[in-house]
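Working notes for the structure below.
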Number of protein chains: 2
Amino acid sequence: MGQEIERKFLVANEDWQNAVQSSARLQQGYLSTSAKATVRIRIFDDKRAVLTLKGPATGLVRAEFEYEVPLEDARALMQMADPNTVEKRRHRVPHGNHVWEVDVFEGLHDGLVIAEVEMETAEDEVVLPTWLGREVTADDRYANASLSRNPGIPPEM
Amino acid sequence: MGQEIERKFLVANEDWQNAVQSSARLQQGYLSTSAKATVRIRIFDDKRAVLTLKGPATGLVRAEFEYEVPLEDARALMQMADPNTVEKRRHRVPHGNHVWEVDVFEGLHDGLVIAEVEMETAEDEVVLPTWLGREVTADDRYANASLSRNPGIPPEM
């Protein structure tokens, strides 16, 4: 059992690329996106797979449960998931005391770039890099579960 | 990854009680009951917990994925599930070459008794015990996911 506490931003430019520590290819599909629970299957670099259940969000905080599962299971679960799987390359970018995850989307959401930071507590102070754009933490259109239902990049408001 | 191939019956009398091999108390809640996937958390005897994902049924056959999870996670997931959790005592009853599972429901479905048998293949020959009632394999009202949405015993047609 865990908690997910995160903030999420659009990205203003490519300056983050100079600080990339490591990268992985992620493919993810959704088996449930109900108000009660989000159930996600994610495959990393076609090698390793994690099943994640998330509860409803309360502000920045969300219950999160993660279980490593066999790759063969993950491939079968991906077939059962919403057809619009989310594909992206995730780059880890250290900044201040946190490691940012910069997701460069591919396939149906090609062109979209989102930066996320996971915090220990909702009060954690985060040093914001200069390459960030608008914060979209509370904008549900940028939730990956929403993206899986809606191909394309959400239009800026 | 696995497959669930099962037949399900009502129970006509209590003759099965003479052949019980072992019993356990099951509590189960549903995090998703969509057409795409059923996601169930189940706690055995308040000691051990299993997370199960099932795909859509094709005849008797259904894709099934089971993962043992920490009891603490299971309790939190049970809180996130549909409020009408299903509670029952499951008795294992060997008969012929199969072991039947006789579920005696408690709580919201008190009075309901269902016998299930899991088969290796859909063509498996099953010796039906004399204590069985009507077959309800194809009657969705007796799916535990349906029961979790509808307290009470489905009326006989």
Spot the failing condition for residue B:130; the list is (1) outside any loop (DSSP other than H, G, I, E, B); (2) in contact (Cβ under 8 Å) with a residue 40 or more places away in the chain; (3) exposed (fewer than 14 other Cβ atoms within 10 Å of the Cβ), and only one is missed. (1)
Pair list, Cβ < 7 Å and 6+ apart or interchain, from the range A:136-155 residues that are part of a loop (DSSP other than H, G, I, E, B) to residues that are among the charged types (D, E, K, R): A:136/A:8; A:137/A:7; A:137/A:8; A:154/A:141
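For (1) surrounded by fewer than 18 Cβ atoms within 10 Å (Cβ to Cβ); (2) within 18 Å of residue A:80 (Cα to Cα); (3) at pLDDT below 95, each residue gets a yes or a no:
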| position | (1), (2), (3) |
| --- | --- |
| B:37 | no, yes, yes |
| B:42 | no, no, no |
| B:61 | yes, yes, yes |
| B:84 | yes, no, yes |
Residue A:100: passes all of (1) away from every other protein chain (no Cβ under 14 Å); (2) assigned to a loop (DSSP other than H, G, I, E, B) but (2)
Run residue A:79 past the list (1) within 14 Å of chain B (Cβ to nearest Cβ); (2) in a helix (DSSP H, G or I); (3) in contact (Cβ under 8 Å) with a residue 12 or more places away in the chain and report the number of the one that doesn't hold. (3)
Please verify whether the range A:14-35 includes one or more residues that are more than 10 Å from every other protein chain (Cβ to nearest Cβ), hydrophobic (A, V, I, L, M, F, W, C) and without any contact (Cβ under 8 Å) to a residue 60 or more places away in the chain. yes
Kindly establish whether residue B:65 is away from every other protein chain (no Cβ under 14 Å) and at pLDDT 95 or above. no
Collect the residues in the range B:91-113 that are over 30 Å from residue A:34 (Cα atoms) and surrounded by fewer than 17 Cβ atoms within 10 Å (Cβ to Cβ), keeping them in residue-number order. B:92, B:94, B:96, B:97, B:99, B:111
Listed by range, strands (runs of 3 or more DSSP E) wholly within the range B:1-44 having at least 3 residues that are touching a helix residue (DSSP H, G or I) at 6+ places or on another chain (Cβ under 6 Å) are B:22-33, B:38-44
Provide a single number: the residues in the range A:51-62 that are part of a strand (DSSP E or B), more than 7 Å from chain B (Cβ to nearest Cβ) and either more than 14 Å from the chain's Cα centre (by Cα) or farther than 19 Å from residue B:40 by Cβ (or both). 5
Which one of the conditions (1) under 25 Å from residue A:65 (Cα atoms); (2) of a type outside the set (Phe, Trp, Tyr); (3) under 15 Å from the mean Cα position of the chain (by Cα); (4) away from chain A (no Cβ under 14 Å) does residue B:48 fail to meet, given that it meets all the rest? (3)
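The values are calculated or read from the model by the stated rules, or taken from the named source; none is laboratory data. Since this is a predicted model, take the numbers as computed values, not measurements. Glycine gets a Cβ as well: all are built from the backbone with ideal geometry, and neighbour counts include every protein chain shown.
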